[in-house]
Every structure is written in structure tokens, then in C-alpha cells.
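Have a look at the structure below before the remarks.
The values are calculated or read from the model by the stated rules, or taken from the named source; none is laboratory data. Quick caveat, the model's predicted, so the values are computed rather than measured. Note: ideal-geometry Cβ built from the backbone for every residue, glycine included; neighbour counts use all protein chains shown. What goes into the accessible areas is simple: the full protein's heavy atoms, side chains included, and nothing from ligands, DNA or RNA. Shrake-Rupley method; radii C 1.70, N 1.55, O 1.52, S 1.80 Å.
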Amino acid sequence: MADRVTVIGWDGSPLTAAARSALGAATLVAGAAHHLTLPEVPPGAERIRLGSVSLAARRIAGHRGTAVVLADGDPGFFGVVRTLRAPEFGLEVEVVPAVSSVAAAFARAGMPWDDAQVVVAHRRTLRRAVNVCRAHTKVAVLTSPGAGPAELGLLLEGVHRTFVVCEELGTDRERVSVLTSDKAVDHTWRDPNVVIVIGGASAGGDGGWITGSDPAAGPRGWTLPAEAYRGGPGLGEGEAEFLRAAQLARLGPRVGDLVWDIGCGSGAFATEAARAGAAVLAVDRDLEACARTDAAARRHGVQLQIVRGTAPHVLENLPEPDVVRVGGGGAPVVSAVADRRPQRIVTHAATRDAAERVGRDLTEHGYRVECALLQSVQLDTRVWTETERSVAFLLSGVLPDRRT
């Protein structure tokens with residue numbers, strides 16, 4: 001077994017004394033091609049081209065001598081340290097860090113990044129990374145082959161964003177390009193690269209106390225009272241506060257999800273799903289409803305994409321959803337949504353017969369269905385008299401064969 005494994009981060013600057021010392025004593029060196037050509041790598045050391053970190057870790061574990069792993073940026077930040085420290089390899093790991101590629105990218109752009117989301121995009125997580133870019137105003141994307149700037153731009157169709165693409169940071173081939181997301185599709189990009197994705201209305205402010213979006217930036221509560229959606233004709237019958245709360249609880253929208261809100265009305269549910277960090281597509285056939293939804297999103301500082309059209313036809317070309325609220329359209333729209341196989345669907349019905357029709361359709365599509373009759377009564381606590389009553393059947397469908 002290797003006596004010691006030292007992981008050295010490299011950001012293009014000269015190696016520190018500690019890094020040179022560890023590298024000079026190495027009998028095995030693993031890294032990318034440009035790492036293995038560094039003059040500090042001992043001529044007699046065994047060299048491993050770093051592809052699969054797990055395979056390299058197995059070879060290091062069986063090596064008798066001193067091993068060094070070279071990695072770009074800070075190897076403890078979405079880097080090789082996590083894999084090397086896995087208990088199955090039994091390796092003792094020391095780390096000599098460097099400036100992370102994300103920090104370097106923001107430095108090249110001259111921007112702060114404590115308010116940025118940071119995501120990793122590869123083929124398996126690309127769609128979720130794109131959803132984060134839809135939902136947030138500043139995102140750093142650590143890309144990979146097949147999940148780079150071109151793929152990000154392609155999947156962000158219809159959402160205007162600015163890309164700052166930082167290629168081969170720290171090398172003599174470093175290049176920083178600023179362009180709109182739709183133009184990124186037309187370029188061939190060199191690996192490795194980091195993409196800073198910027199766009200949408202920002203809440204502004206003087207900085208927060210936590211990295212990424214401040215979870216305390218808005219008012220408390222999953223749902224907001226009707227007064228929060230002022231400026232329109234009021235909330236529709238399917239937008240009552242307690243019904244919205246129940247729908248949000250059943251769907252559980254979260255960062256990385258794409259939520260469809262079909263029949264968005266005043267934009268109350270769409271806004272609240274976006275406040276949870278999810279990307280939201282709000283759909284309505286009524287122009288005034290789309291305008292009210294846009295105004296609600298701007299008022300509460302969240303990002304939405306609004307699509308005007310009539311369901312189910314308008315749904316055909318929308319990107320794949322994770323969870324869906326159907327606020328209008330009944331069984332035909334619910335059936336069209338179920339054909340797209342989201343993890344969860346919620347809707348409501350005014351009568352038991354309508355609820356049964358929707359429930360049967362969801363069951364035929366393979367969903368596990370639950371239904372509850374919700375009744376809420378608002379009271380004026382000054383005189384304890386009833387001011388408003390809402391009754392609805394809440395239906396939810398969960399797809400058992402998908403991650404929930």
C-alpha cells in the first residue's frame with residue numbers, strides 16, 4: 001500500500017514549496033495529461049493518466065511507495081479528495097489546495113460569488129444543472145464532456161442568460177468569452193471549462209450571511225396570503241391559501257426540479273414553488289393571467305418562465321417536468337401530463353365525480369393516487385364570524401417506479 005497519498009491542487013501558478021517537496025519524493029504520480037508534463041514530476045516515477053478516479057485509487061492502494069495525485073483547482077471542492085478518502089481504498093490523504101476553478105472564473109469576470117449557486121454538470125445531472133440556471137440569477141457550472149456550454153445553451157432555449165465561459169484556466173491556452181446562451185450552441189469549447197450563468201431579475205442587496213441564495217430573503221411560510229398577490233382581480237377558486245399549502249406539501253418542489261404550473265392564474269402557486277428554489281414553467285391561455293404571474297414573480301424576486309397557450313396542446317414542446325400542478329383543464333390535461341411521466345402530479349376538483357374521473361385516469365397511467373376533501377373556513381377573529389369558506393377535493397399522484 002502507498003505510504004502516503006498527497007493530493008496537490010494546481011491553478012496554473014508555480015507550485016508551493018510543500019507541493020514541490022511532495023512531488024519530488026513521489027514514486028507514482030496521477031493526473032491529467034497537462035499535469036504529467038510538469039517539470040517537477042520525477043522522471044522515474046510511475047505515471048497514471050487520470051480518467052476514472054476510482055480506478056486510479058485502486059492502483060495507488062496497491063502501490064508500494066509514495067503517491068501524488070495532481071488535480072486542477074481545489075481538489076477538495078467537487079474534486080478527487082472525496083473519492084480517494086472512500087473507506088474501501090484505505091488511503092491516508094494529505095491535501096495541498098489551490099484556488100478553485102470557480103473562484104478563478106469569478107476572479108477573471110471581476111465578480112463576487114458568495115451569492116452564486118455552484119453545480120456540477122455531467123450527462124446524468126445536466127438537466128438538473130440547467131434547472132438551477134433557470135431558477136437562479138447567478139450560477140457557476142462545473143462542466144464535463146457532453147455537458148458543456150453548448151449543451152447548457154441548448155437546454156436553456158427560451159430563457160435569456162449571459163454566459164461567461166472560462167476555458168483551460170491557469171494554462172497558456174486560457175480563454176474567457178462572454179456571450180448570450182443562445183450563441184453558445186454555435187461554438188466548440190475546450191475542456192476543462194467553467195461557465196458562469198447570469199440573468200434574470202436580482203433581488204440585489206449588500207450581500208448575505210450564507211453562500212448561494214439567502215433562504216431568509218423573503219417572507220416566512222410556504223404560502224403567502226391573498227394580499228401578497230395584489231394588483232389583480234384576486235385569487236381563483238383553486239388558489240386558496242390552504243389548498244396551495246397542501247399542493248406544495250404533496251409536490252415538494254426543490255432546487256434542481258422543473259415544476260409545471262398549468263393554469264397559473266394569479267401566479268401564486270408558481271411564485272411559491274420558485275421561492276422553494278425550483279425552476280418553474282407557468283402556463284396559462286389567458287394573457288392577463290400571464291401578466292399577473294409575471295408581476296407576482298417580479299414582486300417576490302423569483303425567476304419564472306411563462307408560456308401562453310392552451311393545455312394540453314401547449315405542453316408538447318415543453319422540457320420534461322419533475323412535478324406538476326394542474327390548476328385547470330380537468331381530466332384531459334391531467335392525462336396529457338401523466339403521459340410525460342413526472343414524479344408527482346397534484347390537482348383539485350370541485351365535485352366527487354370529477355375527482356373520481358381524474359383519479360381513475362391517474363391510476364390507469366400507473367400512479368399511486370390519494371384524494372382528500374379539504375375544507376377551510378376563514379374567521380374574523382375580532383368577532384369570530386366566518387368570512388370565507390373553501391372546499392375542494394385534493395388529488396395527488398405519485399409514480400412508484402421513479403425516485404420520489
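Key figures for this structure:
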| quantity | calculated |
| --- | --- |
| Kirkwood Rh and Cα Rg combined as Rg/Rh, the range 95-250 | 1.06 |
| Share of carbon and sulfur in the accessible heavy-atom surface of the chain [1.4 Å probe, %] | 51 percent |
| Approximate shape of the range 235-305 as ellipsoid semi-axes (Cα gyration tensor, √5λ), whole Å, largest first | 17, 14, 10 |
| Choice from Arg382, Arg134, Arg190 showing the highest fluctuation, given a GNM over the chain with Cα pairs closer than 10 Å | Arg382 |
| Whole-number percent relative contact order across the chain, with pairs defined as alpha carbons under 8 Å at least 6 apart | 11 percent |
| Derived scalar couplings ³J(HN,Hα) [the range 73-80; Karplus, 6.51 cos²θ - 1.76 cosθ + 1.60; whole Hz; x for Gly, Pro] | x, 8, x, x, 10, 6, x, 6 |
| Whole-percent pair-distance distribution, where bins are 10 Å wide, for the alpha carbons of the range 353-404 | 22, 34, 21, 15, 8, 0 |
| Convex hull (Cα only) mean projected area of the range 41-94, reported in nm² to one decimal | 4.0 nm² |
| Average projection area in nm² (convex hull over Cα atoms of the chain, one quarter of hull surface) | 23.7 nm² |
| Residue-wise HN-Hα coupling along the range 96-105, computed from phi with Karplus coefficients 6.51, -1.76, 1.60 (Hz; x: Gly, Pro) | 10, x, 9, 5, 5, 5, 5, 4, 5, 5 |
| MRE, 222 nm, helices only [DSSP H, n ≥ 4, -39500 (n - 2.57), over the chain, to nearest 500] | -7500 deg cm²/dmol |
| Solvent-accessible ranking of Arg64, Arg230, Arg161, largest area first, probe 1.4 Å | Arg64, Arg230, Arg161 |
| Mean separation of Cα contacts under 8 Å (6+ apart) over length of the range 33-151, as relative contact order % | 17 percent |
| Summed side-chain charge close to Ser213 - residues other than Ser213 whose Cβ falls under 14 Å, Lys, Arg +1, Asp, Glu -1 | +1 |
| Percentage relative contact order, the range 1-99, counting C-alpha pairs under 8 Å, at least six apart | 46 percent |
| For the range 150-165, 3J(HN,Hα) per residue [Karplus equation, 6.51 cos²θ - 1.76 cosθ + 1.60, θ = phi - 60°, Hz, x = Gly/Pro] | 5, 5, 4, x, 5, 7, 8, 3, x, 10, 7, 9, 9, 9, 10, 9 |
| Rg and Dmax of the range 1-92, Cα atoms only, in Å | 11.8, 33 |
| Where the range 265-404 is the region considered: accessible area per residue in Å², 1.4 Å probe | 49 Å² |
| Residues listed by number, the range 363-389, amide nitrogen under 11 Å from Ala354 label point at 7 Å toward C-beta | none |
| Radius, Kirkwood style, for the range 260-371 when every pair of distinct Cα atoms is counted (Å) | 14.2 Å |
| Computed P(r) (all Cα pairs; the range 98-143; 10 Å bins; percent) | 27, 52, 20, 0 |
| Accessible surface, the range 80-159, averaged per residue in Å² (probe 1.4 Å) | 47 Å² |
| Share antiparallel - DSSP beta bridges, the chain, percent rounded to 5 | 50 percent |
